[in-house]
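Engineer: Sharing a structure with you now.
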Amino acid sequence: MKKRILKITGLLLLVVLGVLIVVPFFLEAKIGDLIKNNVNKNINATLDFSDVNLSLLSSFPMAELRIQELVLLSNGSFEGDTLFKSRSIALEMGLKELFKNTDESIIINSLTLDGAVLKLKTDKQQNANYKIAKEEELIAKNEADSSSFALGLESFQLTDTEIIYEDLSSGILFELKDLEHSGKGDLSLEISELVTHTSALVLFERDSTRYLNNTLVKLDAIIGIDLKTNTYSFLKNEGLIN
């Protein structure tokens, strides 16, 4: 009797393992198309990536979705410029999120960006490459036939990241290199607190005068977030400059 129970249990485990291995192959293409379609419908820019990998084993009972070599290209006066790119983006979510209908919200528990580069630029006519949101009435129209994503982040992390801001109209250049950043908080709440830890090499230049040149800066901060009024405030701010 015991041998029979063990045999049945073993077979069930094999079936479950097989499902966890096979299911991702059927869902990866669907999820990749879902992300591209939803984002590109709501921005004046072009989002693309090389591959999507879904794992149900490495982070079980959560599912891990990894997007490889994502690129966001600007349109308009900055046509073809790279606004954002990332070596990989890993999202962790509950298994049930993978099987929701297209009209249901998808909750993401954690987000990790590795090897990301964000380039923000304003030209001499004060046109900004980061103003990519479409008009509200056009977004409302797209929402009728697109998925609604709810942000339920518990934690996020940036590793080996670079952020560049260049304003040609004022002569300002600001760079964060070797950026390591982590944060924890429930962003699904209307009012929440975000605990963050940051370290980066900082460069700041204005009118060809360099005030900081790859200076190491560390910052521990708690940020208060009020989504009702769309306000953000530093509740705690401890920094160190080397």
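Engineer: Would you mention how many residues in the stretch 148-185 are farther than 29 Å from LYS41 by Cα and surrounded by fewer than 18 Cβ atoms within 10 Å (Cβ to Cβ)?
Structural biologist: 13
Engineer: Oh, and also: If you take the residues in the stretch 191-201 that are at pLDDT below 95 and out of contact with any His (no Cβ under 9 Å at 6 or more places or on another chain), which one is surrounded by the most Cβ atoms within 10 Å (Cβ to Cβ)?
Structural biologist: So the residue we want is LEU194.
Engineer: Looking at (1) under 18 Å from the mean Cα position of the chain (by Cα); (2) in a strand (DSSP E or B), find the lone condition where LEU187 falls short.
Structural biologist: Among (1) under 18 Å from the mean Cα position of the chain (by Cα); (2) in a strand (DSSP E or B), the lone unmet condition for LEU187 is (2).
Engineer: A further question follows. Name the residue, out of LEU70, LEU54, that is of a type outside the set (Ser, Thr, Tyr), in a strand (DSSP E or B), modelled with pLDDT of 90 or more and open to solvent by less than 40 Å² (accessible area, probe 1.4 Å).
Structural biologist: Residue meeting the stated conditions: LEU70.
Engineer: Checking SER188 against (1) at pLDDT below 85; (2) open to solvent by 80 Å² or more (accessible area, probe 1.4 Å); (3) farther than 23 Å from SER86 by Cα, which test does it fail?
Structural biologist: Among (1) at pLDDT below 85; (2) open to solvent by 80 Å² or more (accessible area, probe 1.4 Å); (3) farther than 23 Å from SER86 by Cα, SER188 violates only (2).
Engineer: Taking the stretch 202-242, which residues are among the hydrophobic types (A, V, I, L, M, F, W, C) and open to solvent by 50 Å² or more (accessible area, probe 1.4 Å)?
Structural biologist: Result: PHE204, LEU212, LEU216, LEU219, LEU227, PHE234, LEU235, LEU240, ILE241.
Engineer: Taking interchain pairs and intrachain pairs at least six residues apart, which have beta carbon atoms under 6 angstrom, with the first residue in the stretch 95-115 and at negative phi and the second of a type in the set (Phe, Trp, Tyr) and modelled with pLDDT of 70 or more?
Structural biologist: Hits for this filter: LEU111/PHE156.
Engineer: Can you tell me which residue among LYS30, LYS7, LYS85, LYS2 is modelled with pLDDT of 75 or more and of a type outside the set (Ser, Thr, Tyr)? Before the answer, list the steps.
Structural biologist: Details: LYS30 fails: modelled with pLDDT of 75 or more; LYS7 fails: modelled with pLDDT of 75 or more; LYS2 fails: modelled with pLDDT of 75 or more.
Being modelled with pLDDT of 75 or more and of a type outside the set (Ser, Thr, Tyr) holds for just one of LYS30, LYS7, LYS85, LYS2, which is LYS85.
Engineer: Counting only residues that are assigned to a strand (DSSP E or B) and either among the small types (Gly, Ala, Ser) or surrounded by 15 or more Cβ atoms within 10 Å (Cβ to Cβ) (or both), which one in the stretch 38-51 is modelled with the lowest pLDDT?
Structural biologist: By that ranking, first place goes to ILE43.
The values are calculated or read from the model by the stated rules, or taken from the named source; none is laboratory data. Only a predicted model underlies this, so the values are computations on that prediction, with no experimental measurement involved. Every residue, glycine as well, gets a Cβ built from its backbone with ideal geometry; the counts of neighbours run over all protein chains shown. Note: areas computed on protein heavy atoms with side chains; ligands, DNA, RNA excluded. Shrake-Rupley method; radii C 1.70, N 1.55, O 1.52, S 1.80 Å.
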